[in-house]
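Asks: The structure under discussion is supplied below as structure tokens; questions concerning it will follow.
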Amino acid sequence: MDVPLAPRVAGRSARTRSFGYRSLKAVGRWRLLSFGVLLILSYVVVAAIGPELAPYEPNATHPQATLHEPTPEFRFGTDKFGRDIFSRVLYATRLDLSIAFSVAVSAFLVGAVVGALSGYFGGIVDDVVMRLVDVLLAFPAFILAMALTGILGDTIPNVILAISVAYVPYFIRLTRGEMLRVRTLQYADAAVGVGNPRWRVVLVHLLPNSLTPAFIQVTLVLGWAILDAAGLAFLGLGITPPTAEWGVMVAEGAQRIITGEWWTWLFPGLAIVIIAFAFSIVGDGLRDLLAREER
Amino acid sequence: MAEPLLRVESLRLDIADHESSRSVLLDVSFDVRPNEVMGLVGESGSGKTMTALTIMRLLPPAARASEGRIAFEGEDLLRLNESAMRQVRGSKIAMIFQNPRAALNPLMRAGEQVARALMLHRGLTAAEARRQAVELLRHAGISDAESRARAYPHQLSGGMAQRVLIAMMLACRPALLIADEPTTGLDVTIQAQIFDLIKEIQAETGASLLLITHDLGVVSEVCQRVAVLYAGQIMEQAPVAELFHHPSHPYTERLLGSILRVDQVAELDTSRAIAFASIDYDNPGCRFANRCPYVLEACWVRRPEPRWLAEDHVVFCHLRNEAGT
Amino acid sequence: MPHFLRYLLRRIGLAVITLAGVAVFVFLLTHILPSNPAALRAGPLADAELIHKYEREMGLDQPIYVQFGRYAQELLSGNLGESWKTGQPVLQELGERLPATIELAATAFLIALVVGVTLGVLAAVYAGSWIDQGVRLYATLGAAQALFWLALLMVHVFYYTLDWAPAPLDRLTIGVAEPPLVTGLFTVDSLLARQFSTFLDAVNHLWLPAVVLAFVVSAPVVKMTRGSMLDTLNADFVRTAKAIGVPQRSVVVRDALRNAFIPILTMVGIVFGYLIAGNVVVEKVFSWAGIGQYAWNALTINDFNAVQGFVLLIAVIYVGLNLVIDLAYGFLDPRIRLG
């Protein structure tokens, strides 16, 4: 083509629209992204000061007020032990968010370093790493986390480890892919030519430039980690009662499904879904944003 | 002078990305007569392909033809609705593109694709279409057409793929064929063959051909008339021989690499002439102004009026308007 | 055909290597990580003697490579060991429950595929319109779902409030007899045996969990279909088809969709992973007697053999499915089939 075609407007419209509509959509996309970021920030705030906001202790029971519907006193109702669900949800925010961040950070760090080194050096190392990745990816992520948690035992660090292991392969593949692309660029050879040891070239010079897709993946993994941790807790793995964690609370609420005390599981579940949704929007928005800039 | 087959009048094409809007084509006017080979020549980025896509109404989503008209068989193609335009495409106006192998459906055999065009435009049955397709492939110069018809696009060379596309066009029997750089990326010998084929077909069917290219050599060999396009503006239009012997627009002169005659009116500004300036989309006048050795004040202000130098030879240049040369 | 044959052999080879790796990996998991599997098996109340007994029985007193040898041998002969709880062969127990899972997973998968591909195609063809926006919203919501919560929500709405679904208590209402065993899929078997009321009951219990699962699983299907279709719709050969006047619907189906389908096919493998994972949760919420529920039970009582068997089976199915998809992909794409 002699004239560069219009960059595919991130919405990739197949119809011609008026310029006004297009600008509105662009703003709309920003709006969605900012909305997501706002949600995440509010969760972080709650995680930080949650305990201050909660009217009750998470494990404080009110035996005379068990299984009450939401009231002004117990905003999300009470569970079968008479614990205030609202307070428990607030407290759980800190736990769930820190689990998510721990998982994302560890999976990212390990995956990025391994992927970068593997991609750069190639050869046997790369083959072995890729076969390992294949093995890990031979299981659906959640199943792998499930098995690991079941075998390692029900502690929070184990849950973080188990879920991280499930997502490390994604990061390995991503950074390796980028590394394959980047290592043939000239500045890589230049850095080696100047005398840097090769592993240093990889980690210090090349890796930072190949991290863009990995960053996007981090936002997505943050959301998935919460869903997985809560899912595991729902199955009774990893985090167990009486810890106030969203998944645990949903599991406890699940026992009430037939008798209809919906508030015991609805609110903790909403907390999960909303933050996962926020991460998902931000991840998609970042992807659109960064893809546009690459052009 | 015969009534033109296709007349593009003052065409303006805007493309909007998420930040701004650009007039990729601004006041493009030219025409194509019946039974002729018309060239549209210009460098990379001049808007040649966009012009063709606008005629076919196959524009990318962000592009909009905001002004002008394209007259064809009594209709304004820009005002037709999509289903009417679909009637036009293929049967009245057809187009072949660069990169022929990418232009074929990778999952369909070559013969099938030609047969599809036949069924669509000549109402043949599937069996008849398949047989005719082989004939057309042979007509397009593919030896061993029987077995080639069963091949998939990735098994064909670039030249052969282009012949398949030409066969598809033959199936459609359009009145106007647009060929956008049909030989880019092909070997020189194949290029010559393809052009010979195109010329042959044009002569045989009496269709007109709008040939879009950056290669003046091709224009001199194949075309009868030519329009020169720069930065989305038509600079000059003339019969080929006339253009080559008496180029009028400074840009055409530059293209042809001829020596400029210093005019009494303007002085040669060598620094400007050497500049590798990028396309100035904001200039409401003549977009060649930032590279023109003879640039005048007026060139930055408004588009030059057309000036007829001879029958069939028109140029859009303030210098020529003023100097009266 | 030699090109395809090479492709076939390479893919099969990779799958075999991966499965071998999986076997080693699972062995390491269950034999190295836990401090003492025998102690776990014997339970918290066991005395040293019982633990030793189990150690000998499980061969834990042997050097590790001997243990691995035994393990590998057993695996290759299709023996997944015996459940620590019931003493029954794990493979058999899994086999008994597999049809239930297949019934649920296959139904959900079909729904997700039909709904997902249709929505994805519509979103791509009408990109930028409200249809597109709506579909993308659907996909984003679906992707962020906590399946266990959504299942509860659906049960509450459809069973508790609207009474459109039966209580989430397994595949048939209590008191309704299972149809004679042919495939293990109650819906199919009851039709084959012409027990129409049983069929209806089975469907009645099946629809809600299947729909819930399908909703979540359809989200990635929608996303990838839309993306793939958009890329294809912008391709040169689609433009050619339009340039010769092919009608829009034909362009979408014959040119765009057929070409977009290949990447969609590869996505099916990924989606299947979500499906299996989702099945475990859904089976728990709906008390569905499939392998997911079996695995969950096994995990809670630390029945490692059963868990190991489950995990191995899942890996085999997953790797196998991806292999089939790769082969289908290779066959459908003439560029790979013919080279």
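Asks: Would you mind stating whether B:ASN81 is open to solvent by 20 Å² or more (accessible area, probe 1.4 Å), within 10 Å of chain C (Cβ to nearest Cβ) and either at negative phi or in contact (Cβ under 8 Å) with a residue 24 or more places away in the chain (or both)?
Replies: So B:ASN81 does not fit the description; no.
Asks: While we're looking at this one, here's another question. Exactly one condition in (1) hydroxyl-bearing (Ser, Thr, Tyr); (2) in contact with a strand residue (DSSP E or B) (Cβ under 6 Å, 6 or more places away or on another chain); (3) open to solvent by 20 Å² or more (accessible area, probe 1.4 Å) is not met by B:SER91; state its number.
Replies: Status for B:SER91: all satisfied but (2).
Asks: Which of the residues belonging to the range A:235-251 are under 19 Å from A:PHE76 (Cβ atoms) and either more than 9 Å from chain C (Cβ to nearest Cβ) or among the acidic types (Asp, Glu) (or both)?
Replies: A:PRO241, A:PRO242, A:THR243, A:ALA244, A:GLU245, A:VAL248, A:MET249
Asks: Moving to a separate point now. From the list B:SER66, B:SER23, B:SER44, which one is in contact (Cβ under 8 Å) with a residue 40 or more places away in the chain, assigned to a strand (DSSP E or B) and open to solvent by 40 Å² or more (accessible area, probe 1.4 Å)?
Replies: Working: B:SER23 fails: open to solvent by 40 Å² or more (accessible area, probe 1.4 Å); B:SER44 fails: assigned to a strand (DSSP E or B).
Of B:SER66, B:SER23, B:SER44, the one residue that is in contact (Cβ under 8 Å) with a residue 40 or more places away in the chain, assigned to a strand (DSSP E or B) and open to solvent by 40 Å² or more (accessible area, probe 1.4 Å) is B:SER66.
Asks: Being in contact with a strand residue (DSSP E or B) (Cβ under 9 Å, 6 or more places away or on another chain) and open to solvent by 10 Å² or more (accessible area, probe 1.4 Å) is the requirement here; does C:LYS242 meet it?
Replies: yes
Asks: Follow-up. Scan the range B:94-104 for residues that are buried (at least 24 other Cβ atoms within 10 Å of the Cβ) and facing another protein chain (nearest Cβ under 7 Å) and report the count.
Replies: Matching residues across the range B:94-104 total 5.
Asks: Can you name every residue in the range B:5-20 that is open to solvent by 10 Å² or more (accessible area, probe 1.4 Å), out of contact with any strand residue (DSSP E or B) (no Cβ under 6 Å at 6 or more places or on another chain) and touching a residue at least 24 places away in the same chain (Cβ under 8 Å)?
Replies: Of everything in the range B:5-20, just one residue is open to solvent by 10 Å² or more (accessible area, probe 1.4 Å), out of contact with any strand residue (DSSP E or B) (no Cβ under 6 Å at 6 or more places or on another chain) and touching a residue at least 24 places away in the same chain (Cβ under 8 Å), namely B:ASP17.
Asks: Could you pull out every one of the helices (runs of 4 or more DSSP H) wholly within the range B:176-260 that has 2 or more residues that are open to solvent by less than 10 Å² (accessible area, probe 1.4 Å) and over 30 Å from B:HIS139 (Cα atoms)?
Replies: Answer list for the range B:176-260: B:250-256.
Asks: Sort through B:ALA126, B:ALA71 and tell me the only one that's at pLDDT 90 or above and either at positive phi or over 15 Å from the mean Cα position of the chain (by Cα) (or both).
Replies: Exactly one of B:ALA126, B:ALA71 is at pLDDT 90 or above and either at positive phi or over 15 Å from the mean Cα position of the chain (by Cα) (or both), namely B:ALA71.
Asks: Ok, one more. Kindly list the number of the only condition in (1) over 21 Å from B:MET119 (Cα atoms); (2) within 18 Å of the chain's Cα centre (by Cα) that fails for B:LEU165.
Replies: Just one mismatch for B:LEU165, condition (1).
Asks: Kindly indicate which of C:TYR274, C:TYR329 is under 21 Å from B:MET108 (Cβ atoms) and either in a helix (DSSP H, G or I) or at pLDDT below 80 (or both).
Replies: C:TYR329
Asks: I would also like to ask the following. Of the residues in the range C:257-285, how many are touching a helix residue (DSSP H, G or I) at 6+ places or on another chain (Cβ under 7 Å), more than 17 Å from C:GLY116 (Cβ to Cβ) and more than 10 Å from chain A (Cβ to nearest Cβ)?
Replies: 3
Asks: Where residues in the range A:252-267 are touching a Phe, Trp or Tyr at 6+ places or on another chain (Cβ under 8 Å) and more than 8 Å from chain C (Cβ to nearest Cβ), which of them is nearest to C:TYR159 (Cα to Cα)?
Replies: Among residues in the range A:252-267 that are touching a Phe, Trp or Tyr at 6+ places or on another chain (Cβ under 8 Å) and more than 8 Å from chain C (Cβ to nearest Cβ), the one nearest to C:TYR159 (Cα to Cα) is A:ARG256.
Asks: Report yes if some residue within the range A:268-288 is open to solvent by less than 50 Å² (accessible area, probe 1.4 Å) and more than 20 Å from the chain's Cα centre (by Cα); otherwise report no.
Replies: Scanning the range A:268-288, I find no residue that is open to solvent by less than 50 Å² (accessible area, probe 1.4 Å) and more than 20 Å from the chain's Cα centre (by Cα), so the answer is no.
Asks: For the subset of the range A:223-248 comprising residues that are open to solvent by 10 Å² or more (accessible area, probe 1.4 Å) and part of a helix (DSSP H, G or I), which member is nearest to A:GLY177 (Cα to Cα)?
Replies: For the range A:223-248, the residue satisfying everything is A:TRP224.
Asks: Can you tell which of C:LEU172, C:LEU230 is more than 30 Å from A:LEU32 (Cβ to Cβ), aliphatic (A, V, I, L, M) and surrounded by 16 or more Cβ atoms within 10 Å (Cβ to Cβ)?
Replies: Answer to the selection: C:LEU172.
Asks: Just name the residue that is least open to solvent (accessible area, probe 1.4 Å) out of those in the range B:137-157 that are within 13 Å of another protein chain (Cβ to nearest Cβ) and assigned to a helix (DSSP H, G or I).
Replies: It comes out as B:PRO153.
The values are calculated or read from the model by the stated rules, or taken from the named source; none is laboratory data. Remember, predicted model here, so these are calculated numbers, not experimental data. Glycine also receives a Cβ, built like all others from the backbone with ideal geometry; neighbour counts cover every protein chain displayed. Heads up: the accessible areas ignore ligands, DNA and RNA and are worked out on the full protein's heavy atoms, side chains in. Shrake-Rupley method; radii C 1.70, N 1.55, O 1.52, S 1.80 Å.
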